[in-house]
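Take a look at the structure set out below.
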Amino acid sequence: MVAKSKRQLAKLALLALALLLLLAATLLCVFLIPRHHRKPLPPGPPPGNASNPDDSVVAFDFSPYLIMYKSGRVHRLDGTARCAAGVDEATGVASKDVVIDGGTGLAARMYLPPAPGGAKGKKDPGRLPVLVFYHGGAFVIESAFTPLYHAYLNAVAAKARVVAVSVEYRLAPEHRLPTAYDDSWQALNWVARNAGSGPEPWLRDRGNLSRLFVAGDSAGANIAHNMAMRAGTEGGLDGGAAITGLLLLDPYFWGKKPVAGETTDQATRRQYEATWSFICGGRYGIDDPLVNPLSAELRRLACSRVAVTSSGLDDFRPRGMAYAAALRDSGWDGVVEQYETPGERHVYFLDRPKDPNSVKELAFVTGFLSRE
């Protein structure tokens, strides 16, 4: 019996030792393997259709914005996040989403600043200038509903005290130009009708249609310019409304022949020409007035005030400056203002809103919108 008990104790001891060795090996794996080997792998490209070989063949690489595959599948690399409308805690600005055309999905996000001093009991807070804003994103990314533009419009509406309408136009390549222009024109006329006597209460009851501004950044600035041109060639907006001011932030303009200060690097110029062709499906050349306003009849621009901003390191800066000079020399009867931020890249103020340069540019923007 004693010998049997000793054998059992020996077996238990061996089992315990085996368990300790297993535990030690596990701890070695956890603590001695380099940590970067245990990080999750980065997400890969979105899954394609395994049965369609064209679904993985790149047709057009528009990085860092999107990649389009031969099958027609589009993978957007940026500008896809969305945020909800509501009341902004920092500014008190209220926002809401409206549908302009249910058939096409044309929509907008509207912004209304709080009453001065937060005086909720004030019976008549007065009418406010109306701002129609078109977001940038090379005509292919971003949205009126992205956090980037939601934050920017909250800040503009609060400081300039405007009723703002940020337009959700359709994007290329699913909807190539002129779709964005047509959506934007329809939205602008919707604003004009509603600020007059339409059913939308923020525009009807709070908007001052005699102070109507059209604005945008980058591709959105291109759209804004073309809306003012279209108003000039088509006899104005619905209901006889007129655009007071045009605000172009780092506008996206280009052309075949370099203007003074513009890059002469042929690879860069070919790339800009190729991306424009992609955006419009080859419908318009690089010197079409839609993208090269220097070839347009600028005297037809339907507004009395224009402001153009530029950033010192932006490829589009020289043509934006040439646009302002050409507008002055065109016979157009209005006032042009310019604002430049040296040493900054394209639309820097969106990504770094608290940067001192961004704060100064916002002050220029809101000053332009606030002046009688």
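Relative to one another, the C-alpha centroids of the stretch 177-253 and the stretch 297-326 are positioned 18 Å apart.
Compute the relative contact order of the stretch 125-254 as a whole-number percentage, counting only Cα pairs closer than 8 Å that sit 6 or more residues apart in sequence.
Values: 235 pairs, mean separation 41.1, N = 130.
It comes to 32 percent, rounded to a whole number.
Computed over neighbours whose Cβ is under 13 Å from that of D183, the net charge equals -1, Lys and Arg +1, Asp and Glu -1.
List the trypsin sites (Lys or Arg not before Pro) within the stretch 170-273 that DSSP assigns to loop and that have no more than 11 neighbouring Cβ atoms inside 10 Å.
Passing both the DSSP loop test and the Cβ count: K256.
Heavy-atom accessible area for L209, with the other protein chains in place and a 1.4 Å probe, reaches approximately 40 Å².
Here each label is just a point 7 Å from Cα along the line to Cβ, and for R345 and D238 those points are 4.0 nm apart.
Each label point was placed 7 Å from the Cα along the Cα-to-Cβ direction; for S197 and T80 their separation is 4.7 nm. Other residues within the sphere of radius under 14 Å centred on the Cβ of P201, judged by their own Cβ, net out at +3 (K and R +1, D and E -1).
The accessible surface of the stretch 120-249, taken with every protein chain in place and a 1.4 Å probe, is 51 percent carbon and sulfur. Accessible area of I286 (1.4 Å probe, protein heavy atoms only, ligands and nucleic acids ignored): about 10 Å².
Report the local net charge at S71: Lys and Arg +1, Asp and Glu -1, summed over other residues whose C-beta lies under 9 Å from its C-beta.
On the way: positive: K70, R73; negative: D54, D55.
Taking every Cβ under 9 Å from that of S71, the sum is 0.
Note: the stretch 290-372, Cα convex hull, 99 Å³ per residue. Once the Cβ-Cβ distance of F60 and L313 is raised to the sixth power relative to R0 = 22 Å, the FRET efficiency obtained is 0.25. Based on Cα contacts under 8 Å between residues 6+ apart, the stretch 168-233 shows a relative contact order of 24 percent. Taking only the alpha-carbon positions of the stretch 238-367 and ignoring solvent, what does the Debye formula give for the base-10 log of I(q)/I(0) at q = 0.09, 0.11, 0.19, 0.21 Å⁻¹? Treating every Cα as an identical point scatterer, log10 I(q)/I(0) equals -0.29, -0.44, -1.16, -1.28. With all protein chains in place and ligands, DNA and RNA left out, the 1.4 Å accessible area ranks V365, V259 as V259, V365, largest first. Candidate cross-link partners of K159 among the aspartates and glutamates, defined by an alpha-carbon separation under 19 Å and a same-chain spacing of 8 or more, comprise D88, E89, D217, D351, D355, E361, E372.
The values are calculated or read from the model by the stated rules, or taken from the named source; none is laboratory data. Everything numeric here is computed off the predicted structure, so don't read it as measured data. Here the Cβ is made from the backbone with ideal geometry for all residues, glycine too, and neighbour counts use every protein chain on show. Protein only, heavy atoms only, side chains kept; ligands, DNA and RNA dropped before computing areas. Shrake-Rupley method; radii C 1.70, N 1.55, O 1.52, S 1.80 Å.
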